[in-house]
1. Among the residues of region 176-191, what is the count of those that are free of Cβ contacts under 8 Å to residues at least 40 places away in the same chain, out of contact with any His (no Cβ under 7 Å at 6 or more places or on another chain) and in a loop (DSSP other than H, G, I, E, B)?
2. Quick check on this structure: which one of 218, 166 is within 22 Å of residue 1 (Cα to Cα) and touching a Phe, Trp or Tyr at 6+ places or on another chain (Cβ under 7 Å)?
3. Would you check if residue 84 is on the phi > 0 side of the Ramachandran plot and touching a His at 6+ places or on another chain (Cβ under 8 Å)?
4. Quick test for you: out of 56, 74, pick the one residue that is of a type in the set (A, V, I, L, M), surrounded by fewer than 18 Cβ atoms within 10 Å (Cβ to Cβ) and under 20 Å from residue 171 (Cβ atoms).
5. Here are the criteria: (1) in contact (Cβ under 8 Å) with a residue 60 or more places away in the chain; (2) of a type in the set (Ser, Thr, Tyr); (3) surrounded by 15 or more Cβ atoms within 10 Å (Cβ to Cβ). Tell me which single one residue 112 does not satisfy.
6. Residue pairs, Cβ under 9 Å, 6 or more apart or interchain, first in region 1-20 and of a type in the set (Ser, Thr, Tyr), second in a helix (DSSP H, G or I). List them.
7. Going by the conditions given, is residue 184 crowded, with 19+ Cβ neighbours inside 10 Å, over 16 Å from the mean Cα position of the chain (by Cα), assigned by TED's automatic domain parsing to the domain that holds residue 109 and among the hydrophobic types (A, V, I, L, M, F, W, C)?
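The values are calculated or read from the model by the stated rules, or taken from the named source; none is laboratory data. Keep in mind that what you see is a predicted model, and the values were worked out from it rather than measured. Cβ sites come from the backbone with ideal geometry, for glycine too, and all protein chains shown count toward neighbours.
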Amino acid sequence: MRFDGIIFDFDGVLLESEAAGNEQLAELLTDLGFPHSREDTLTHYTGLSGPDFIAAIEARIGTALPPEFYPRRAEEDARVLTEGLAEVAGAVAFVRSLPDDWPKAVASSSSTHWVKTHLAHLGLTDAFGDKVFSGKEHVARGKPAPDLYLHAADALGIAIRRTAILEDSIVGVTGAVASGAHVIGLCAGTHCLPGHADKLRALGVHDIAADFEEVMRLIA
């Protein structure tokens, strides 16, 4: 391998949650009186979580979200956690193709409960073990700060500049590039709109990959 290890974002990189989640979010916001298309939510909120996610929505709609937003959003999240979601095409086979002893981690804006539950659905729990890190839980500053990637590389025992990071969102790429790692912008998820690769290139990614076969060519 060209690198000493790899760090994966999760939503939109390994799991097709960005497409499904933004479709539901657009429908929910529209139903609450704040018209959004799937393209709107993908453009403005992808990669955000927690207070940053809520702040971005409220800044765009110009008011506080109504109280009913939260239980309805939580109900959908609970359903998805129970039922699972599809992998990003080729993700599981790619992870399984990597050497077992090659350092690898997940660094996500989502909670570790979300990530680990979906890793179990995908059959990848053993691939990452305890190397699952959350911007909500493991660092003071989540994405787009670089802190989470630095934390993950340190936990893996590898230098960040010898690490490949696989990211799909503007928020994630911003932090990954700032960390000093080798960043691959992945545009394999169904949520990636036309022109998305150009946006990631403009942020300074080292490579763009349209699928996991291309990722393997870039890291091998």
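1. So the count comes out to 1.
2. Step by step, each of 218, 166 is checked, and only 166 is within 22 Å of residue 1 (Cα to Cα) and touching a Phe, Trp or Tyr at 6+ places or on another chain (Cβ under 7 Å).
3. In short, yes.
4. Result: 56 is the single residue among 56, 74 that is of a type in the set (A, V, I, L, M), surrounded by fewer than 18 Cβ atoms within 10 Å (Cβ to Cβ) and under 20 Å from residue 171 (Cβ atoms).
5. Single failed check for residue 112: (1).
6. What qualifies is 17/80; 17/114; 17/118.
7. Against the criterion (crowded, with 19+ Cβ neighbours inside 10 Å, over 16 Å from the mean Cα position of the chain (by Cα), assigned by TED's automatic domain parsing to the domain that holds residue 109 and among the hydrophobic types (A, V, I, L, M, F, W, C)), residue 184 does not qualify.
Yes/no per residue for (1) assigned to a strand (DSSP E or B); (2) modelled with pLDDT under 95; (3) of a type in the set (A, V, I, L, M, F, W, C):
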site: 105; (1), (2), (3): yes, no, yes
site: 113; (1), (2), (3): no, no, no
site: 118; (1), (2), (3): no, no, no
site: 121; (1), (2), (3): no, no, no
site: 126; (1), (2), (3): no, no, no
site: 133; (1), (2), (3): yes, no, yes
site: 138; (1), (2), (3): no, no, no
site: 142; (1), (2), (3): no, yes, no
site: 145; (1), (2), (3): no, no, yes
